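Written out below as structure tokens is the structure these notes cover.
The values are calculated or read from the model by the stated rules, or taken from the named source; none is laboratory data. All values reported here derive from a predicted model rather than from experimental measurement. Glycine gets a Cβ as well: all are built from the backbone with ideal geometry, and neighbour counts include every protein chain shown. Side chains included, ligands, DNA and RNA excluded: accessible areas come from the protein's heavy atoms. Shrake-Rupley method; radii C 1.70, N 1.55, O 1.52, S 1.80 Å.
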Amino acid sequence: MELSNRLKTIASFVTEGYCAADIGTDHGYIPIYLTQTGRCPKAFAMDINEEPLNRAKQHIAETNTADKIVCILSDGLNQLPQKEVDSIIITGMGGDLVVRILEQDLDKLDSVKELILSPQSHLEKVRHFLHDHNFRILEEEMLCEDGKYYMIMRAVHGHEEYKKECFYLFGQNLILDKHPVLLEYLDLEYQKYEKICATLTDESKEHIKIRKKEVKTMLCNIREALGYYEM
């Protein structure tokens, strides 16, 4: 099966030999790829809705991987077979939902060895959640595909805390490594927030005043992150 660069990168973050559970599996592409390539001896394709799970079952049957992949109808991690799963994969959804899924079944995280996460928004909330619940972020990757930026992280049990909010927003590993794709993203974000700031002129209105403060804080965090590229 030929995957997009984004999905291949996500799959590459799973430790070889681990049993993985793909939460919100949709088409089941990641579990299929992981088992087809031999990276995982077994995988679980999990989704809250029957329709995407049926799509996954169809693709699994077409690729002759049914002996290695189990499909489970589940609200997040609710039905996770935690004694069998080493790696949890959650991608393709907003950061708020990622946090909610992890938060509502915290006890299920005790036995897993790693979390592979690729939130599409509010990455700072996900990173704060991980640190608040004794996970440390071992590695991160960022890529641009079809004009959209994606970030993938791998977290394991352990204590970690970032000293600066820009690290939570944009990724300490990516910033310190001076990742070129992050640099592109930061430049674009800075231009975007500068334009927003220029439109917030009527500070006599409280909601505009609050929004302008938020935008200026974001510009400060972007500048701080960009500063590491000049060192």
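By its C-alpha gyration tensor, with a ≥ b ≥ c as the square roots of the eigenvalues, how is region 1-50 shaped: rounded for a/c under 1.5, else prolate for a/b larger than b/c, else oblate?
oblate
Treating each Cα of region 185-231 as an identical point scatterer and ignoring solvent, apply the Debye formula and state log10 I(q)/I(0) at q = 0.14, 0.20, 0.25, 0.26 Å⁻¹.
Log10 of I(q)/I(0), two decimals: -0.36, -0.64, -0.85, -0.89.
Against the 2.2 N^0.38 Å scaling, with N counting residues, where does region 69-115 land? I'd like the Cα-based Rg ratio to two decimal places.
The value comes to 1.09.
Magnitude of the Cβ-charge dipole of the chain, K/R +1 and D/E -1, about the Cα centre, nearest 20 debye?
I would put it at about 340 debye.
Using a/c under 1.5 as the rounded threshold, could you call region 72-167 rounded, prolate or oblate? The axes a ≥ b ≥ c are square roots of the C-alpha gyration tensor eigenvalues, and prolate needs a/b larger than b/c, oblate otherwise.
Taking the square roots of the gyration eigenvalues as a ≥ b ≥ c, region 72-167 is oblate.
Taking square-rooted eigenvalues a ≥ b ≥ c of the alpha carbon gyration tensor, is region 143-231 rounded, prolate or oblate, where a/c under 1.5 means rounded and, failing that, a/b exceeding b/c means prolate?
The shape class here is prolate.
For region 66-111, give the magnitude of the charge dipole about the Cα centre (Cβ charges: +1 Lys/Arg, -1 Asp/Glu; no others), in debye to the nearest 20.
For this selection, approximately 120 debye.
Using a Förster distance of 45 Å, how high is the FRET efficiency between Ala198 and Arg100, based on the Cβ-Cβ distance and rounded to 0.05?
Between Ala198 and Arg100 the formula returns 0.85.
Kindly state, to the nearest 0.05, the FRET efficiency for Asp107 paired with Ile72, given R0 = 22 Å and r defined as their beta-carbon distance.
After rounding to 0.05, the efficiency reads 0.80.
Where q = 0.30 Å⁻¹, what log10 of I(q)/I(0) comes from the Debye formula for region 116-161, counting one point per Cα?
With no solvent term, the Cα-only Debye profile gives -1.12.
Binning at 5 angstrom from zero up to the longest distance, how are the C-alpha pair distances of the chain distributed in percent?
1, 7, 13, 17, 17, 14, 11, 9, 6, 3, 2, 1, 0
How big is the charge dipole of region 103-231 about its Cα centre, in debye rounded to the nearest 20, if each Lys and Arg gets +1 on its Cβ and each Asp and Glu gets -1 on its Cβ?
For this selection, approximately 480 debye.
Just to confirm, what accessible area per residue do you get for region 114-208 at 1.4 Å probe, in whole Å²?
On a per-residue basis, 51 Å².
Using a 1.4 Å probe, what is the accessible area per residue for region 41-89, in Å²?
52
Give me the percent of accessible area attributable to carbon and sulfur for the chain, probe 1.4 angstrom.
47
Which one of Leu174, Pro119, Asn221 is farthest out on the positive end of the charge dipole of the chain, using unit charges on Cβ (Lys, Arg +1; Asp, Glu -1) and the Cα centre as origin?
Sorting the options by dipole projection puts first Asn221.
Nearest 10 degrees is fine. How inclined is helix 50-62 to the longest principal axis of the chain, computing both from alpha carbons?
The answer is roughly 60 degrees.
Sorted by accessible area with a 1.4 angstrom probe, largest first, how do Glu230, Glu206 fall?
My answer, sorted largest first, is Glu230, Glu206.
Could you please state, rounded to a whole Å, how far the C-alpha centre of region 53-72 is from the C-alpha centre of region 186-227?
The two parts, judged by their Cα centres, are 46 Å apart.
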